[in-house]
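Below: one structure, written as structure tokens.
The values are calculated or read from the model by the stated rules, or taken from the named source; none is laboratory data. These figures come from a predicted structure and were not determined experimentally. Neighbour counts run over all protein chains shown; Cβ positions are idealised from the backbone, glycine included. Side chains included, ligands, DNA and RNA excluded: accessible areas come from the protein's heavy atoms. Shrake-Rupley method; radii C 1.70, N 1.55, O 1.52, S 1.80 Å.
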Amino acid sequence: VGVITDRDIAIRVVAEGRDAADATVADAMSAEVVTCQTTDLYQEALQTMGANQLRRMPVIDDERRVVGIIAQADVATRIAQPTTTGALVEAISKNEVGLV
């Protein structure tokens with residue numbers, strides 16, 4: 001079980017000079033997956049994302065099944081006030097979510 005992102009590919013395939021045509025998902029994926037639950041408060045999810053510098057995070061249910069993905073953009077466009085969207089995106093990237 002794991003997650004693969006464009007960053008994983010850039011770090012574990014491209015930066016290492018591997019041939020992308022021969023690389024497998026297992027070669028590049030992150031095996032330690034950070035998640036949040038459907039019942040978590042959005043601020044908790046943001047803090048987890050900030051602490052792990054994640055822009056996307058799987059959402060799991062009580063049975064540990066993936067039921068969705070929360071993305072930095074989701075929070076910025078659906079929850080944050082327009083005046084704080086830029087600050088929120090920057091805070092997640094810098095692990096300073098508590099300051100927003």
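Residues in segment 32-49 that are open to solvent by less than 70 Å² (accessible area, probe 1.4 Å) and farther than 16 Å from residue 67 by Cα: 4 in all. Working only within segment 36-62, note down all residues that are in a loop (DSSP other than H, G, I, E, B) and out of contact with any helix residue (DSSP H, G or I) (no Cβ under 7 Å at 6 or more places or on another chain). If the condition is that a residue be in a loop (DSSP other than H, G, I, E, B) and out of contact with any helix residue (DSSP H, G or I) (no Cβ under 7 Å at 6 or more places or on another chain), then 38, 39, 40, 41, 52, 54, 61, 62 are the ones that fit. Apart from one condition, residue 27 fits all of (1) surrounded by 16 or more Cβ atoms within 10 Å (Cβ to Cβ); (2) under 17 Å from residue 5 (Cβ atoms); (3) among the charged types (D, E, K, R); the exception is (1). Among the residues of segment 20-35, those that are of a type in the set (Ser, Thr, Tyr) and part of a loop (DSSP other than H, G, I, E, B) comprise 24, 35.
Taken over segment 50-62, the criterion of being over 19 Å from residue 2 (Cβ atoms) and open to solvent by 50 Å² or more (accessible area, probe 1.4 Å) is satisfied by 51, 62.
For segment 5-19, which residues satisfy the criterion of being open to solvent by 70 Å² or more (accessible area, probe 1.4 Å) and in a loop (DSSP other than H, G, I, E, B)? Within segment 5-19, 15, 16, 18, 19 meet the criteria. Taking each residue of segment 42-57 that is closer than 14 Å to residue 73 by Cα and looking for partners that are part of a loop (DSSP other than H, G, I, E, B) and open to solvent by 90 Å² or more (accessible area, probe 1.4 Å) with beta-carbon atoms closer than 8 Å, six or more apart or interchain, yields 49/55.
Of all residues in segment 63-79, those satisfying the criterion of being exposed (fewer than 13 other Cβ atoms within 10 Å of the Cβ) and in a loop (DSSP other than H, G, I, E, B) are 63, 64, 65. Under the condition of being farther than 13 Å from residue 33 by Cβ and either hydrophobic (A, V, I, L, M, F, W, C) or in contact with a Leu (Cβ under 6 Å, 6 or more places away or on another chain) (or both), the residues counted in segment 52-69 number 1.
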